[in-house]
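This report refers to the structure that appears directly beneath it.
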Amino acid sequence: MPPLAPLAVSMGDPAGIGPEITLAAWAARDVRALPVFAAFGDAAIYLERSAALKWDVPVIPVKTLNEAAARFGDGLPVVQVASSGPVVAGQPQQASAKSTIAAIEAAVAAVFAGQAAAIVTCPIAKSVLYEAGFRHPGHTEYLANLAQQQAGDGRTIRPVMMLACDALKVVPATIHIPLSAVPSALTADLLRETIVITADGLMRDFGIAKPRIAVAGLNPHAGENGTIGREDADLIAPVIASLNALGYTVTGPHPADTLFHAAARTQYDAVVAMYHDQALIPIKTLAFDSGVNVTLGLPFIRTSPDHGTAFDIAGQGTASPESLIQAMLLAARMAAARPSSQP
C-alpha cells in the first residue's frame with residue numbers, strides 16, 4: 001500500500017490554541033508516531049507563537065503538500081494562507097475571520113485535489129465569524145457546503161457528528177438546539193438517515209463489516225411502555241424495525257441511563273443518541289482530553305479535537321495537544337481503511 005498523503009490541518013482561530021497545539025503535535029511526532037501533516041495558515045503566526053513560548057519547533061513555509069511531506073522531519077510545514085489582521089494570542093479579532101475561513105477552504109481544496117488524505121480542523125470561534133458576516137450554523141455545516149460546491153454533482157450532503165474515543169463512539173441525532181425543541185425536531189426521516197450514515201461510516205472508515213448500532217431512547221426508561229412519553233414507542237421503535245428489515249443491525253430504544261457502562265459498551269459499535277448532552281456527557285466523562293470529533297457523511301475524512309479555542313489559555317503553552325493528536329491518528333486510520341476508489 002502506498003504511503004498516505006499528508007493530513008491538512010487548518011489553523012482554526014489564530015488567536016486560540018490551534019497554532020500552539022499544532023506546534024506541540026509536531027514536536028511529539030516521533031514519540032506518538034504521527035502521520036505526516038501540514039498546517040494551513042499564516043506561517044508567521046506559527047513562528048511567532050513558537051518563539052513566544054520559547055519552543056524549539058522550526059516552522060517551514062511550503063507551497064505544496066508534496067513539499068510538506070519532504071520537509072516534515074525538518075520542521076512544521078505550513079501551507080501559506082495570508083493573515084487578514086493582527087493576531088494576539090487570547091485576543092480574538094473580527095479581522096482574523098477572513099484568514100480562518102481561507103485556511104478551511106484551502107484544506108478542503110487540497111483534499112478534493114487528492115493532495116491530502118484527510119482534513120483535521122483546529123477550533124474556530126463562531127461568534128467571531130458571525131461578527132464578520134459568516135452565515136453558516138457552524139464549522140461542520142460550512143464544510144458540507146464547501147463539499148457540495150466542490151463535488152458539483154447536485155447531491156445534498158448531510159453531515160453527521162460523531163464523537164469517538166477508544167471506549168465509545170456516539171452520534172447525537174439533534175445537536176445545538178434547545179432541549180425543549182428536541183421532540184419536535186426528531187422525525188423518522190432524520191433518525192433513519194442518521195443511523196444509516198453512522199452505519200455506513202463505520203463500514204467505510206472504521207473497517208467494521210457489520211456494525212451494531214444501539215439507539216438511545218428519548219424519555220427516561222425509554223418511555224416505560226408509553227407511560228413516560230410516546231416518542232420511543234411511536235417514533236424510534238418503528239425506525240429501528242424498518243432498518244433491521246433492510247439488513248442493518250440496530251437495537252433499542254434503550255434507556256440511556258444503562259447504555260454507557262463498561263459491560264453495555266461491549267454490545268455495540270456506536271450509539272445514536274437523541275440530543276446533544278445525552279451523547280456528549282458519557283464520552284466527555286470517559287475521554288475529556290482525548291475525544292475526537294468526526295464528521296460522517298462528507299465525501300472526505302474530517303476529524304477535529306473535541307474542544308474549543310480556549311482563548312483564556314492561548315499563548316501560555318499549557319494547552320494539551322492530546323485531542324488534536326488523537327484526531328490526527330484517527331484521521332490516518334480512517335484514511336487507511338477507506339477504499340482507495342472512494343473520495
Considering every residue within region 35-57, establish whether at least one is over 20 Å from residue 125 (Cα atoms), over 23 Å from the mean Cα position of the chain (by Cα) and assigned to a strand (DSSP E or B). no
Can you find a residue that is under 18 Å from residue 205 (Cα atoms) and either in contact with a strand residue (DSSP E or B) (Cβ under 7 Å, 6 or more places away or on another chain) or not assigned by TED's automatic domain parsing to the domain that holds residue 37 (or both) anywhere in region 309-327? yes
Breaking point among (1) touching a residue at least 12 places away in the same chain (Cβ under 8 Å); (2) closer than 24 Å to residue 37 by Cα; (3) surrounded by fewer than 17 Cβ atoms within 10 Å (Cβ to Cβ), for residue 113: (1)
Residue pairs, Cβ under 7 Å, 6 or more apart or interchain, first in region 181-192 and in contact (Cβ under 8 Å) with a residue 12 or more places away in the chain, second of a type in the set (Phe, Trp, Tyr) and not in a helix (DSSP H, G or I). List them. 182/275
Please verify whether region 280-301 includes one or more residues that are touching a Phe, Trp or Tyr at 6+ places or on another chain (Cβ under 9 Å), surrounded by 23 or more Cβ atoms within 10 Å (Cβ to Cβ) and either over 22 Å from residue 126 (Cβ atoms) or among the charged types (D, E, K, R) (or both). no
Any chance region 146-161 includes a residue that's within 23 Å of residue 282 (Cβ to Cβ) and of a type in the set (A, V, I, L, M)? yes
Restricting to region 82-109, and then to whatever is part of a helix (DSSP H, G or I) and of a type in the set (Val, Ile, Thr), can you tell me which residue is surrounded by the fewest Cβ atoms within 10 Å (Cβ to Cβ)? 101
Which listed residue is modelled with pLDDT of 95 or more, over 12 Å from residue 142 (Cβ atoms) and in contact with a Ser or Thr (Cβ under 8 Å, 6 or more places away or on another chain), from 82, 110, 118, 125: 118
When residue 226 is evaluated against the numbered criteria (1) closer than 17 Å to residue 273 by Cα; (2) free of Cβ contacts under 8 Å to residues at least 40 places away in the same chain; (3) touching an Asp or Glu at 6+ places or on another chain (Cβ under 9 Å), which criterion, by number, is the only one it fails? (1)
Name the residues in region 245-279 that are among the aliphatic types (A, V, I, L, M) and buried (at least 16 other Cβ atoms within 10 Å of the Cβ), would you? 250, 256, 259, 270, 271, 272, 273, 274, 279
Residue satisfying all of: in region 220-239; acidic (Asp, Glu) and surrounded by fewer than 21 Cβ atoms within 10 Å (Cβ to Cβ); nearest to residue 184 (Cα to Cα) among these: 231
What do you reckon, is residue 140 β-branched (Val, Ile, Thr), under 20 Å from the mean Cα position of the chain (by Cα) and modelled with pLDDT under 90? yes
Residue among 242, 184 that is surrounded by fewer than 13 Cβ atoms within 10 Å (Cβ to Cβ) and assigned to a helix (DSSP H, G or I): 184
Hits in region 272-306 - residues which are polar (S, T, N, Q), within 17 Å of residue 214 (Cα to Cα) and assigned to a strand (DSSP E or B): none
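The values are calculated or read from the model by the stated rules, or taken from the named source; none is laboratory data. Note that the structure is predicted; figures quoted are calculated from it, not measured. When we count neighbours, we look across all protein chains shown, and the Cβ atoms used for this are built from the backbone with ideal geometry, even at glycine.
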